[in-house]
Amino acid sequence: MRAWRHWLLLRGMLLWGDSGAAVPPGRSGIWAARRQLSGAERDTLKQRRAQIMSRGLPKQKPIEGVKQVIVVASGKGGVGKSTTAVNLALALAANDSTKTVGLLDADVYGPSIPKMMNLKGNPELSQNNLMRPLLNYGIACMSMGFLVEETAPVVWRGLLVMSAVEKLLRQVDWGQLDYLVVDMPPGTGDVQLSISQNIPISGAVIVSTPQDIALMDAHKGAEMFRKVHVPVLGLIQNMSVFQCPKCKYKTPLFGTDGARKLARTLNLDVLGDIPLHLSIREASDIGQPVVFSQPESDESTL
């Protein structure tokens, strides 16, 4: 009985009736009430708590060869996060030809980087048995989409997904990169937390449409990064307006300036205001991102 009580105390469970103490009238079961801990029991509980707290968060380890990591997140799917990540990576490379840029697709269930970057095939292995990224438009890319068939669903539970993300982070020969842009999956779950806590991140970019539903999740995404001490660089308002290709009239299909209002609430900058434009969608679908295929266009300079 004493051993059983000690086991419970180590886990912070305070019980009645476990060592001969009377259960108060009207109560039933050992969960009836708390009682005063003895001095020795309090010391044991404090030591246990100190052991748990000393573990802390996982120790961050940089990705070999990568100087800075920028994550692009949304909190919600379907707001143009992957399109933004692709064009951001291309813009970083275009702005300074001396910089080397990589792109990591961390969305295991729905990888879209292979199609947007017009890449197919399986990664080759280096002499160190690391996967070599596929290269296009001067950007080194890695994605789960290179490792599975294009139409094959990834039907995995959490542990397998986390193992896959770990391999995409640690078992890739990135060479020497100035920037690694990470296209995060939607949500604020295990993958986002694992990446945020295990590698040093220079900053996060939050993408959202002006729609209230999207902004709710964008707000959660920004708060998640703040909780794990990742700097939020700012918000990108995507699909801000639709401009008629004939009359040029602009219609705010998803609301007006929602991301700007959220940015003010969070005390963040608005990094860009991107319209819902046909050329952006077409360029992404054919694997020729607009920043590469139409570098002088208004859409590329936003």
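The values are calculated or read from the model by the stated rules, or taken from the named source; none is laboratory data. Keep in mind that what you see is a predicted model, and the values were worked out from it rather than measured. Cβ sites come from the backbone with ideal geometry, for glycine too, and all protein chains shown count toward neighbours. For accessibility, only protein heavy atoms count, side chains too; no ligands or nucleic acids. Shrake-Rupley method; radii C 1.70, N 1.55, O 1.52, S 1.80 Å.
Among all residue pairs at least 6 apart or on different chains, which show Cβ distances below 6 Å where the first residue, located in segment 62-75, is modelled with pLDDT under 95 and the second is in a loop (DSSP other than H, G, I, E, B) and open to solvent by 20 Å² or more (accessible area, probe 1.4 Å)?
These pairs meet every condition: Pro62/Pro200; Gly65/Gly175; Gly65/Gln176; Ser74/Pro186.
Yes or no, residue by residue, for (1) among the aromatic types (Phe, Trp, Tyr); (2) free of Cβ contacts under 8 Å to residues at least 40 places away in the same chain; (3) buried (at least 18 other Cβ atoms within 10 Å of the Cβ):
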position: Tyr249; (1), (2), (3): yes, yes, no
position: Thr256; (1), (2), (3): no, no, no
position: Leu262; (1), (2), (3): no, no, yes
position: His277; (1), (2), (3): no, yes, yes
position: Ile280; (1), (2), (3): no, no, yes
position: Glu296; (1), (2), (3): no, yes, no
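Only one of these conditions is not met by Trp156: (1) surrounded by 21 or more Cβ atoms within 10 Å (Cβ to Cβ); (2) in a loop (DSSP other than H, G, I, E, B). Which number is it?
Of everything listed in (1) surrounded by 21 or more Cβ atoms within 10 Å (Cβ to Cβ); (2) in a loop (DSSP other than H, G, I, E, B), Trp156 misses just condition (1).
Take segment 288-302 and flag every residue that is outside any helix (DSSP H, G or I) and not β-branched (Val, Ile, Thr).
Gln288, Pro289, Gln294, Pro295, Glu296, Ser297, Asp298, Glu299, Ser300, Leu302
With respect to Asn128, determine if the residue is open to solvent by 30 Å² or more (accessible area, probe 1.4 Å), touching a residue at least 24 places away in the same chain (Cβ under 8 Å) and out of contact with any helix residue (DSSP H, G or I) (no Cβ under 7 Å at 6 or more places or on another chain).
Criteria met by Asn128.
Name, by its number, the condition in (1) in contact with a helix residue (DSSP H, G or I) (Cβ under 9 Å, 6 or more places away or on another chain); (2) free of Cβ contacts under 8 Å to residues at least 40 places away in the same chain; (3) charged (D, E, K, R) that does not hold for Lys99.
Among (1) in contact with a helix residue (DSSP H, G or I) (Cβ under 9 Å, 6 or more places away or on another chain); (2) free of Cβ contacts under 8 Å to residues at least 40 places away in the same chain; (3) charged (D, E, K, R), Lys99 violates only (2).
With the structure loaded, tell me whether Val207 is touching a Phe, Trp or Tyr at 6+ places or on another chain (Cβ under 7 Å) and either closer than 30 Å to Asp298 by Cα or not hydroxyl-bearing (Ser, Thr, Tyr) (or both) or whether it fails that test.
no
With respect to Gly175, is the statement that it is surrounded by fewer than 17 Cβ atoms within 10 Å (Cβ to Cβ), in contact (Cβ under 8 Å) with a residue 60 or more places away in the chain and farther than 15 Å from Val72 by Cβ true?
So Gly175 fits the description; yes.
Among the residues in segment 129-143, are any touching a Lys or Arg at 6+ places or on another chain (Cβ under 6 Å), under 24 Å from Gln60 (Cβ atoms) and part of a loop (DSSP other than H, G, I, E, B)?
Going residue by residue through segment 129-143, those that are touching a Lys or Arg at 6+ places or on another chain (Cβ under 6 Å) are none.
Among the residues of segment 129-143, not one is touching a Lys or Arg at 6+ places or on another chain (Cβ under 6 Å), under 24 Å from Gln60 (Cβ atoms) and part of a loop (DSSP other than H, G, I, E, B), which makes the answer no.
Can you tell me which condition Arg226 does not meet? The list is (1) more than 20 Å from Gln68 (Cβ to Cβ); (2) free of Cβ contacts under 8 Å to residues at least 24 places away in the same chain, and all the others hold.
Every condition holds for Arg226 apart from (1).
Scan segment 178-204 for residues that are over 15 Å from Met144 (Cα atoms) and either buried (at least 23 other Cβ atoms within 10 Å of the Cβ) or in contact with a Cys (Cβ under 8 Å, 6 or more places away or on another chain) (or both) and jot them down.
Matches in segment 178-204: Leu180, Val181, Gln192, Ile195, Ser196, Ala204.
Which condition number in (1) within 18 Å of Lys81 (Cβ to Cβ); (2) at pLDDT 90 or above is the one that Trp174 fails?
(1)
Picking from Leu215, Leu271, Leu235, which residue would you name as being surrounded by 13 or more Cβ atoms within 10 Å (Cβ to Cβ), more than 30 Å from Gly138 (Cα to Cα), among the aliphatic types (A, V, I, L, M) and at pLDDT 90 or above? Can you show your working first?
Numbers: Leu271 fails: more than 30 Å from Gly138 (Cα to Cα); Leu235 fails: more than 30 Å from Gly138 (Cα to Cα).
So the residue among Leu215, Leu271, Leu235 that is surrounded by 13 or more Cβ atoms within 10 Å (Cβ to Cβ), more than 30 Å from Gly138 (Cα to Cα), among the aliphatic types (A, V, I, L, M) and at pLDDT 90 or above is Leu215.
Which residue, of Thr83, Thr98, is modelled with pLDDT of 90 or more, in a loop (DSSP other than H, G, I, E, B) and either exposed (fewer than 14 other Cβ atoms within 10 Å of the Cβ) or in contact with a Ser or Thr (Cβ under 6 Å, 6 or more places away or on another chain) (or both)?
Thr98
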